[in-house]
Each structure stands twice: as C-alpha cells, then as structure tokens.
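Trainee: What follows is a single structure, and I will ask about it in a moment.
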Amino acid sequence: MQQKNHKSIAANLTYSLLDTYNIDYIKCNTSLFFNPIIKSQNAEYMEFSFRKNILGHTLKDNNGITITINSNLDQNRKNFTIAHEIGHLLLHINNDLMFDTESTIFDDNHATKSILEIEANQFAANLLLPDKVLKNQILSSYSMTAIKNTSKVSGQMIYWRIVNFLKDNYDLSEDISRKISNDYVSRIRNCEIKSSLLYQLIHDLSFSNKKVLLNEYAV
Ligand SMILES: [Zn+2]
C-alpha cells in the first residue's frame with residue numbers, strides 16, 4: 001500500500017497541474033511544472049558543475065531547502081534527476097542531506113538501492129509519465145520517440161515505465177511485461193503501434209480477450 005501511495009501522489013500532482021494549466025494529457029511535459037512545484041514547497045533550485053558522478057542533492061539547513069542539480073547533465077537525465085529530488089522533497093524531507101549519484105538514480109540494480117531511493121525513482125517516473133498520460137499517448141499511436149520528444153524523458157525511462165505500468169495494472173510478471181515493452185519500443189513508426197500488444201491491452205478489450213492475447217504472447 002505504502003508503495004502505491006507515493007506513485008499516486010506523483011501522478012495526482014501532475015494531473016492537477018495539467019488540469020490547472022488546461023493542457024491535454026497526451027502533451028504532458030512535466031518539466032514545465034518543476035519551478036512551480038519547488039516554489040510551492042518554499043524550496044530553491046540551483047545548478048552546479050559537480051564532478052561527473054554526482055547528479056544532484058536536496059539539502060535542508062538553516063537557510064531553508066535547496067535542490068541542486070549537476071549542470072552538466074543532458075536534458076532528459078536532468079529532468080529525471082529533478083523529478084527524483086522533488087520526490088525526496090515531498091516524501092523524505094525530514095531526512096538530512098541526500099546526495100544522489102549514478103548508482104542511487106540510474107543503476108538498474110534495485111538490490112543496491114535503499115527504499116528511499118527506490119521511492120524517489122518511482123515517484124519521478126510517475127510524475128514525468130503518469131498512467132493516464134502514458135495510456136493516452138499509446139492510444140494516440142505515439143512511438144517511443146514521440147513520447148520522448150513530447151514528455152522530455154529518456155528511452156530507458158519509457159521502457160521501465162511501461163514494464164511497471166503493466167505489472168501494476170495488469171498483474172503481469174516481470175518477464176512478460178519486459179517482452180511487451182521490448183515489442184513496443186521496437187516499433188519505430190507510429191502506424192506500427194496499433195498492432196503492438198501494449199496498444200491492444202490498453203485499448204478497450206474484454207478481460208477474456210486480454211487473457212487470450214497474453215497466452216498467445218507467452219508461448
Ligand atoms: Zn535520491
């Protein structure tokens with residue numbers, strides 16, 4: 001339950017901002033909201049040229065709260081790192097300095113990560129690409145490149161977001177979820193998306209049809 005809660009906090013924050021600014025869900029670019037979110041928490045945002053391995057940190061001291069991000073990151077990595085720090089800001093601010101490195105954010109091996117880092121990463125993924133946005137983009141036949149260009153996130157994030165979306169919403173195994181995500185990201189042209197299993201799952205199929213589709217796919 002706790003796990004679901006921080007994902008829904010992130011998703012609901014993005015939905016409310018999309019509604020406030022009257023932006024269509026398929027056009028979601030959460031990076032436009034970073035500033036208002038950080039300001040609403042009375043925090044400051046800064047960039048600094050850290051050495052390569054440091055991505056950023058959230059610091060609470062006598063001067064207040066400051067999120068500092070490595071200015072040398074490419075834009076998609078920077079967006080994920082800022083969303084991750086916003087996760088710490090909203091979920092874990094009672095803790096002390098959070099120094100984030102390659103291994104706390106971008107290493108795929110969850111075994112090396114603390115619960116706080118996993119939560120901040122899941123928060124970031126759901127803030128940048130919440131379920132309703134992802135569903136609407138897939139149903140509009142967006143390819144991975146179209147999602148990247150619209151939502152300003154990396155291909156790696158989209159891949160993992162789809163895997164976790166399938167596990168959470170369709171109760172699928174990690175193995176099947178990865179296969180479906182791999183199939184989707186391999187479809188380059190928008191016209192190929194409608195024949196992907198991901199599109200068909202999200203599209204309005206009856207539960208029994210979904211079972212048939214999944215059984216065929218698992219063979
Ligand atoms: Zn962190």
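Each value in this text was obtained by applying a stated rule to the coordinates, not by laboratory testing. None of these values were measured; they are calculated from a predicted model. Here the Cβ is made from the backbone with ideal geometry for all residues, glycine too, and neighbour counts use every protein chain on show.
Trainee: For each pair in Lys60/Lys135; Lys27/Lys194; Lys60/Lys113; Lys27/Lys52, compute the distance between the two Cα atoms and list the pairs where it is over 27 Å.
Mentor: Correct reply: Lys60/Lys135; Lys27/Lys52.
Trainee: Taking the Cα centre as origin and putting +1 on Lys and Arg beta-carbons and -1 on Asp and Glu beta-carbons, what dipole magnitude results for the chain, to the nearest 20 debye? All intermediate terms of the calculation are to be shown ahead of the outcome.
Mentor: Details: 23 positive and 23 negative charges, 112 e Å.
With Lys and Arg at +1 and Asp and Glu at -1, about 540 debye.
Trainee: Follow-up question, since we're still on this one. Give the dimensionless ratio obtained when the Cα radius of gyration of region 1-79 is divided by 2.2 N^0.38 Å. Spell out each step's value before the answer.
Mentor: On the way: Rg = 14.6 Å, N = 79, 2.2 N^0.38 = 11.6 Å.
After normalising by residue count via 2.2 N^0.38 Å, the value is 1.26.
Trainee: Arrange the following residues from fewest to most other Cβ atoms within 10 Å of their Cβ: Met157, Met46.
Mentor: Going from sparsest to densest Cβ surroundings: Met46, Met157.
Trainee: Let me know the Rg and Dmax you get for region 2-218 when you use only its Cα atoms, in Å.
Mentor: Rg, Dmax (Cα atoms, Å): 17.8, 59.
Trainee: Which longest run of the chain has no exposed loop site in it, a site being trypsin sites (Lys or Arg not before Pro) in a DSSP loop with at most 14 other beta carbons within 10 Å, and the site itself not part of the run?
Mentor: For trypsin sites (Lys or Arg not before Pro) (loop position, at most 14 other Cβ atoms within 10 Å), the longest site-free span of the chain is 53-188.
Trainee: Still on this model: Using the Karplus curve 6.51 cos²θ - 1.76 cosθ + 1.60 with θ = phi - 60°, work out ³J(HN,Hα) for each residue of region 127-138 in order, rounded to whole Hz, and write x for Gly and Pro.
Mentor: With coefficients 6.51, -1.76 and 1.60, one gets 6, 7, 9, x, 3, 5, 5, 4, 4, 5, 5, 5 Hz.
Trainee: To make sure I understand, if each residue's beta carbon is the centre and we count other beta carbons within 10 Å, what order do Phe34, Phe48 fall in, fewest to most?
Mentor: In increasing order of surrounding Cβ atoms, one gets Phe48, Phe34.
Trainee: Something else: Amide H of Ile54 versus every other amide H placed in the peptide plane: which residues, excluding those fewer than 5 positions away on the same chain, fall under 5 Å?
Mentor: Placed amide hydrogens put nothing under 5 Å from Ile54.
Trainee: Just the Cα atoms of region 38-103: what Rg and Dmax do they give in Å?
Mentor: Using the Cα atoms of region 38-103, the pair Rg, Dmax is 11.0, 31 Å.
Trainee: Just for the chain, what percent of DSSP beta bridges are antiparallel, to the closest 5? Kindly include the intermediate steps, with their values, before the conclusion.
Mentor: Numbers: 10 of 16 bridges.
Roughly 60 percent of the DSSP beta bridges within the chain come out antiparallel.
Trainee: Need the C-alpha centroid separation for region 126-195 versus region 55-91, integer Å.
Mentor: 25
Trainee: Considering the chain as a Gaussian network with a 10 Å cut-off on Cα pairs, which listed residue, Ile65, Ile138, Ile26, attains the greatest mean-square fluctuation?
Mentor: Ile65
Trainee: Short version: ³J(HN,Hα) in whole Hz for each residue of region 80-91, in order, from phi by Karplus 6.51 cos²θ - 1.76 cosθ + 1.60 (θ = phi - 60°), x for Gly and Pro, what are they?
Mentor: Calculated HN-Hα couplings, in order: 5, 5, 5, 4, 4, 5, 5, x, 4, 4, 7, 9 Hz.
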